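Okay, structure first, notes after.
The values are calculated or read from the model by the stated rules, or taken from the named source; none is laboratory data. Keep in mind that what you see is a predicted model, and the values were worked out from it rather than measured. Ideal geometry is used to build each Cβ from the backbone, glycine not excepted, and the neighbour counts take in all protein chains shown.
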Amino acid sequence: MQHADALPAPLRAERLAAQVARLLRVAIGEGRWSPGARLPAERVLAAELDVSRAVLREAMAVLRHEGVVVSRQGAGVFVSATPTAATPFAATEQTVLDHLELRRALEVEATALAASRCPPEGLARIRAARDALNRKIDEGVESVEEGFAFHRSIVAASGNRELLRMLDAIKPVLFGTMRVMRENAEHRQAFTSAVKREHDAIVDAIAAGDPEGARRAVLSHFIASETRVRASDPGIWASGPPIESMISR
């Protein structure tokens, strides 16, 4: 659906991808593109919004997880025929801490199991997921999709299908907490460096077949994450509308 008005460029901020996702969501809701319509090519839309293609891809990942758009291989990105409404993620310090505790309860044991059971191909998938996440970190666009894929690869390597099912069930929570934690501009560089080291320690313990070491490494990761949340600039909880959680298909 064509429209004469250009989309306004979003403000430059750490929440750029979230702002772009919100802006596109509003445009779709207002009928700029009708259900089933193909969105403009990535380079065209990124130029119109005056953002990098990496930022646009992260924004599109948000909209895909909300069910607002769908990707068709070789064809492009389309507005969902029946878009679903996103459930607001309450971006408060306590909510994020509660969600981290929930993840800790599941992932600490899963990581220990992965260290005791992980087959070579499982370890290869964990390392590949870690490397993909690190590439996003190095690009300055640390995608929550890659972060989820890394944690999911570890739970999958535990060999416990019920733990994996539980992780998939709380995927919206995990996406919401990961996104809001990454929006603290003041601590971003220290945050990403620390997270890379913590992830490496987890992978090393799994590779060594050390369940107790893996348990300690992932527990340290969650404790450090909670410390980072408490040290965050209070402005990330107060500024702007609530962060949308990624309610998936």
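Things worth noting here:
- Beta carbons closer than 7 Å, at least 6 apart along the sequence or on distinct chains, pair a first residue in segment 45-71 that is more than 15 Å from ILE28 (Cα to Cα) and outside the structural domain of ARG135 (by TED's automatic domain parsing) with a second that is surrounded by 19 or more Cβ atoms within 10 Å (Cβ to Cβ) and of a type in the set (Ser, Thr, Tyr) for GLU58/SER143; ALA61/SER143.
- Residues of segment 106-160 that are of a type in the set (Asp, Glu) and touching a residue at least 24 places away in the same chain (Cβ under 8 Å): GLU107, GLU109, GLU139, GLU142, GLU145.
- Restricting GLU139, GLU107, GLU121, GLU146 to those that are in contact with a helix residue (DSSP H, G or I) (Cβ under 7 Å, 6 or more places away or on another chain), farther than 22 Å from PHE222 by Cβ and assigned by TED's automatic domain parsing to the domain that holds ALA205 reduces the list to GLU139.
- Members of segment 72-126 that are modelled with pLDDT under 90 and of a type in the set (Gly, Ala, Ser): GLY74, ALA75, SER80, ALA81, ALA85, ALA86, ALA90, ALA91
- 1 or more residues of a type in the set (Lys, Arg) and at pLDDT below 90: qualifying helices (runs of 4 or more DSSP H) within segment 127-215: 171-181, 188-207
- Selection over segment 197-216 of residues that are surrounded by 15 or more Cβ atoms within 10 Å (Cβ to Cβ) and closer than 22 Å to THR227 by Cα gives a count of 9.
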